[in-house]
Amino acid sequence: MEFTRRYLPMEWEERWRREKERRKKVMEEGGEEFERERRRLTWIRAYNDSRMGMKEKEDIKNERTIQEMMEWNDKQETQKYTKDTYPSEIFQAMEELRCCSVLTDLTLSVEHGLTVRAHSLVLAAVSSLIQQMLQKRNEKNEKEIFLRVGPEVSDLGVSAVLEFAYSGSITGLNSKSLAQIQAAALYLGVPRVLEICKEEEERQRKKDAEKNMRNSTGEEHRKVNLQAIRQLWEERVGCDVELEAEGRIFHAHRVILSASSDYFRAMFSSGMKETHQTSVSLLLMGAPELEALLHCCYSGDLFLDWGCIFELTSTALQFQFQPALSLCLNYLEQQMDAHSCLDVAAFAEAYMLSDLHETAEDFVLMHFQEVMATPKFLELPAEKLVDLLRRDGLCVPSELAVFRAVVAWIEADPAQRLSQAQVVMTGVRFPLMTFREFREVRAVNLQMECSGDDDVYLYRTALKEFGFGDSSPVVQHRIRYPRDVLVVVGGDQLNPDEGQRLPSKQLWFANSLRSGTGLVKDMEWRILGEMPEQARFRHGISILNRKLYVAGGCYYYSKADTMKSAYRYDPLNNSWERLSDMQEHRSNFTMVVRGDSLYAIGGDRDISSNLDSVEKYSVETDTWSFTHSLDQPLSGHAAVVWGGEIFISGGFNLKYQCLVSTFLYHPEQGTTYLADMAHDRAQHCMESLARRFYVAGGVCNLREFYTDELSCESYDPISDTWTAFTPLPLCHVGAASAVLEGKLYVLGGYSQEDYSEARLVHRYDPGTQRWENMGKMAGPVTDIRACLLHLPAHLRRS
């Protein structure tokens with residue numbers, strides 16, 4: 001059975017024929033280039049074997065496995081990846097080349113004054129005169145352009161046009177320089193500079209020199225300049241080099257190649273023979289890869305899918321196309337899933353991409369249950385499998401799942417692997433199993449021993465480990481240290497005697513997640529520090545630029561105890577900073593990040609007065625300002641930001657009734673109502689996970705009172721529909737929530753029925769659709785707030 005052309009962009013037999021020819025030439029040259037090519041071919045061959053062969057097993061099981069892989073591949077879509085900063089980067093690189101007089105082919109001279117060297121391609125993108133001269137140079141097959149401008153053009157005017165061509169802005173434009181710049185732009189035919197000069201004249205008339213507005217349009221001008229250069233490339237105007245790959249010819253500009261690739265910069269500027277050649281053969285690059293990379297050089301875009309990503313990444317790395325390489329690495333990290341993560345890890349290891357390799361291996365550990373169900377898992381070599389199983393950070397519901405993974409791997413090729421079973425089984429931590437789980441181990445192991453060699457003693461080894469155990473920490477737990485940690489801020493401790501209740505100033509964080517015997521799990525909690533000022537609960541928190549923002553809340557239980565102060569915590573410096581106060585005192589509200597601003601939404605001013613106001617915080621100016629109000633006063637609601645939009649669910653209305661409503665809030669346009677939830681609720685949690693919003697916990701209406709809401713539901717913002725999912729195992733009112741490593745955490749809260757505290761943490765896995773008990777919390781558990789924060793190593797493992 002063969003894979004579709006969509007997954008393998010070229011026929012592999014033909015590709016390998018070409019690869020052998022390339023390798024032969026590279027081997028003759030030897031050196032570093034040969035070693036890089038050797039790693040490349042080794043990985044591609046391994047990748048191809050794993051996708052194409054699967055050892056051609058004819059049994060129904062493996063045929064179904066291959067079919068599943070093909071079906072997965074058919075679902076993958078080509079995606080456009082764009083580097084937004086590329087126009088700035090490419091023009092900055094070409095400006096650096098100009099300053100070093102590298103590949104400059106245009107000489108501009110002013111009568112009795114300045115003589116400058118520049119790149120004709122860059123000037124042709126903005127100047128109609130230079131573009132015409134470049135077209136004539138093509139026809140005459142000349143290499144240089146010389147232009148002596150008329151006496152009406154000054155040094156200052158030429159310098160301003162050059163600055164605009166390379167940067168998209170003119171920093172020296174003012175009333176004194178305006179006429180000189182206009183004259184140069186008129187002579188060289190630069191209409192966009194003339195437009196800028198006209199705008200400056202209007203501002204001069206209004207006596208309002210808006211320099212910031214001119215600077216902000218620089219990026220837009222660079223994009224237009226790059227589009228003009230791309231148009232010249234498509235029309236082959238000014239192309240000064242031909243690149244040959246696999247028999248195909250591609251035209252390009254040396255300056256663009258040099259600005260995009262260190263490889264080509266060295267080729268065209270260090271005296272190599274290619275410096276003077278009009279045609280260059282690229283023996284180690286495929287034609288599809290070169291075509292895609294050239295498109296990226298002129299646009300900053302790449303169209304990527306799993307059929308081309310590995311070839312493109314290896315080529316971009318080999319030929320040092322840094323902008324394209326960054327897009328490829330972004331794709332590999334963002335699109336990685338259970339089917340592809342092992343390929344990504346192997347690729348990153350072969351090419352020594354340490355950051356990508358660490359990310360891919362961590363993905364495997366996080367999603368091990370999903371990965372073990374893929375065909376690629378069954379093809380892992382024994383040593384790699386053992387390495388994964390021995391990691392502390394392996395995420396599994398219990399050690400029985402690890403054992404089942406090993407059994408599946410052995411059964412994929414028992415003739416070869418049964419002899420390796422004992423070594424691979426060392427990755428299973430049998431002392432962490434319960435007696436019930438170990439019964440399955442006994443049954444499977446005895447079956448293997450009966451069908452295998454007499455030298456295999458799997459069960460006896462497992463029984464010895466299980467029976468006698470081990471006191472070392474390695475055996476007692478699997479301990480995972482997430483990259484970002486769950487941080488719990490403030491809160492309250494319930495007590496029937498209000499005099500004994502004590503709001504908290506503390507910040508706690510979950511330093512590690514631990515898996516013990518059977519399904520037993522817990523979290524290692526540590527104190528991060530304390531908030532300044534007073535303790536607070538029912539407050540708002542958000543993370544922006546890796547800093548924690550805390551605002552509002554209550555510090556006690558009377559009407560006058562609502563706060564409007566705000567603080568910012570920087571984990572790198574372990575320091576707090578006082579910010580401007582909000583416009584209103586508010587508690588029991590939500591605070592979210594949209595763009596580069598914070599939004600404090602609704603809440604209550606005191607126990608009996610809900611708010612419909614929304615405030616926006618500007619980090620740049622340290623100010624709070626009102627935006628469009630809500631349709632009605634609201635408190636105890638939940639909110640998430642998805643696709644740049646704010647979604648709000650439930651909450652209490654002005655009469656303190658729990659709502660079923662869901663709506664989209666826009667700071668300028670107000671409220672757009674969406675599909676209602678199936679259940680009314682307030683004081684609940686809502687988080688965005690895997691393109692859905694998950695709602696859990698809270699209270700609901702019960703005649704004139706409230707009761708705990710255990711039902712849970714998720715929202716699809718594409719179809720505007722709600723779907724029920726597994727109910728909570730116990731109540732969580734006024735709890736905190738966060739998404740960590742692709743799973744929903746609900747932390748603490750209380751029960752409305754008996755007013756008891758819920759000290760447990762529950763975690764929902766969308767893959768298994770189950771809630772797990774993650775152990776107890778430390779510190780306050782009611783009216784707390786949680787977030788994910790990246791902490792420096794010294795705060796975590798001290």
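One line per residue, one yes/no per condition, for (1) modelled with pLDDT under 95; (2) in contact with a strand residue (DSSP E or B) (Cβ under 9 Å, 6 or more places away or on another chain); (3) not basic (Lys, Arg):
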residue	(1), (2), (3)
LEU294	no, yes, yes
TYR298	no, yes, yes
LEU304	yes, yes, yes
SER314	yes, no, yes
ALA348	yes, no, yes
THR374	yes, no, yes
LEU378	yes, no, yes
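Residue by residue, here is whether (1) at pLDDT below 55; (2) over 26 Å from the mean Cα position of the chain (by Cα) holds:
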{"residue": "LYS61", "(1), (2)": "yes, yes"}
{"residue": "ARG64", "(1), (2)": "yes, yes"}
{"residue": "THR85", "(1), (2)": "no, no"}
{"residue": "GLU89", "(1), (2)": "no, no"}
{"residue": "LEU97", "(1), (2)": "no, yes"}
What residue, of LEU432, LEU394, LEU446, LEU388, is buried (at least 18 other Cβ atoms within 10 Å of the Cβ), more than 30 Å from ILE309 (Cβ to Cβ) and either modelled with pLDDT under 90 or in contact with a Phe, Trp or Tyr (Cβ under 9 Å, 6 or more places away or on another chain) (or both)?
LEU432
Looking only at region 643-693, how many residues end up being of a type in the set (Gly, Ala, Ser), outside any loop (DSSP other than H, G, I, E, B) and surrounded by fewer than 19 Cβ atoms within 10 Å (Cβ to Cβ)?
2
Given (1) touching a residue at least 40 places away in the same chain (Cβ under 8 Å); (2) assigned to a strand (DSSP E or B), TYR567 misses just (1)
Could you tell me whether any residue of region 742-752 is crowded, with 16+ Cβ neighbours inside 10 Å and of a type in the set (D, E, K, R)?
yes
Only one of (1) surrounded by 20 or more Cβ atoms within 10 Å (Cβ to Cβ); (2) modelled with pLDDT of 95 or more fails for THR721. Which number is that?
(1)
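Of the residues in region 414-435, how many are assigned to a helix (DSSP H, G or I) and touching a residue at least 12 places away in the same chain (Cβ under 8 Å)?
Of the residues in that region, 15 qualify.
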Given (1) within 18 Å of SER261 (Cβ to Cβ); (2) of a type outside the set (Val, Ile, Thr); (3) under 17 Å from the mean Cα position of the chain (by Cα); (4) surrounded by fewer than 22 Cβ atoms within 10 Å (Cβ to Cβ), identify the lone condition not met by LEU327.
(4)
For region 247-261, indicate whether the set of residues that are part of a helix (DSSP H, G or I), polar (S, T, N, Q) and outside the structural domain of VAL224 (by TED's automatic domain parsing) is non-empty.
yes
Output the number of the condition that PHE303 fails; it satisfies all remaining conditions of (1) of a type in the set (A, V, I, L, M, F, W, C); (2) buried (at least 18 other Cβ atoms within 10 Å of the Cβ); (3) within 30 Å of ALA350 (Cβ to Cβ).
(2)
Sole residue being within 21 Å of LEU630 (Cβ to Cβ), assigned by TED's automatic domain parsing to the domain that holds VAL488 and in contact (Cβ under 8 Å) with a residue 40 or more places away in the chain, chosen from PHE693, PHE725, PHE663
PHE693
Per the filter on region 348-377, residues within 21 Å of ARG483 (Cα to Cα) and outside any helix (DSSP H, G or I) are LEU353, HIS367
Of all strands (runs of 3 or more DSSP E) fully inside region 585-638, the set with 2 or more residues that are at pLDDT 95 or above and in the same structural domain as GLY697 (by TED's automatic domain parsing) is 590-594, 597-601, 614-618, 623-626
Hey, can you tell me all the residues within region 570-584 that are in a strand (DSSP E or B) and free of Cβ contacts under 8 Å to residues at least 24 places away in the same chain?
ASP570, SER575, GLU577
Quick check on this structure: which one of ARG45, ARG51, ARG40 is surrounded by fewer than 14 Cβ atoms within 10 Å (Cβ to Cβ), at pLDDT below 90 and within 30 Å of PRO381 (Cβ to Cβ)?
ARG45
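Being touching an Asp or Glu at 6+ places or on another chain (Cβ under 7 Å), assigned to a loop (DSSP other than H, G, I, E, B) and at negative phi is true for just one of ALA338, ALA345. Which residue is that? Steps first, please.
Numbers: ALA345 fails: assigned to a loop (DSSP other than H, G, I, E, B).
Result: ALA338 is the single residue among ALA338, ALA345 that is touching an Asp or Glu at 6+ places or on another chain (Cβ under 7 Å), assigned to a loop (DSSP other than H, G, I, E, B) and at negative phi.
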When only residues in region 129-160 that are out of contact with any helix residue (DSSP H, G or I) (no Cβ under 8 Å at 6 or more places or on another chain) and polar (S, T, N, Q) count, which is surrounded by the most Cβ atoms within 10 Å (Cβ to Cβ)?
SER159
Within region 728-759, restricting attention to residues that are without any contact (Cβ under 8 Å) to a residue 40 or more places away in the chain and in contact with a Gly (Cβ under 8 Å, 6 or more places away or on another chain), which residue is farthest from SER635 (Cα to Cα)?
ARG759
Residue among THR315, THR275 that alone is buried (at least 23 other Cβ atoms within 10 Å of the Cβ), in a helix (DSSP H, G or I) and in contact with a helix residue (DSSP H, G or I) (Cβ under 6 Å, 6 or more places away or on another chain):
THR315
Turns out the strands (runs of 3 or more DSSP E) fully within region 90-175 with at least 3 residues that are not aliphatic (A, V, I, L, M) are none
Do we have any residue at all in region 565-583 that's closer than 30 Å to ARG478 by Cβ and crowded, with 16+ Cβ neighbours inside 10 Å?
yes
Could you grab me the full set of residues in region 694-711 that are in a loop (DSSP other than H, G, I, E, B) and over 18 Å from ASP783 (Cβ atoms)?
ARG703, GLU704, LEU710, SER711
Just give me the residues in region 779-798 being within 27 Å of ASN588 (Cα to Cα) and either free of Cβ contacts under 8 Å to residues at least 12 places away in the same chain or part of a strand (DSSP E or B) (or both), in sequence order.
THR782, ARG785, ALA786, CYS787, LEU788, LEU789
Per-region count, region 716-751, residues touching a Leu at 6+ places or on another chain (Cβ under 8 Å) and among the hydroxyl-bearing types (Ser, Thr, Tyr)
4
Got a sec? Which of GLY698, GLY734 is out of contact with any Ser or Thr (no Cβ under 9 Å at 6 or more places or on another chain) and of a type outside the set (Ser, Thr, Tyr)?
GLY698
Need pairs with beta-carbon distance below 8 Å; first residue on the phi < 0 side of the Ramachandran plot and within region 760-778, second part of a strand (DSSP E or B) and exposed (fewer than 15 other Cβ atoms within 10 Å of the Cβ); sequence gap 6+ or separate chains.
LEU760/LYS776; VAL761/LYS776; TYR764/ARG770
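The values are calculated or read from the model by the stated rules, or taken from the named source; none is laboratory data. No experiment lies behind these values; they were computed from the predicted model shown. Glycine also receives a Cβ, built like all others from the backbone with ideal geometry; neighbour counts cover every protein chain displayed.
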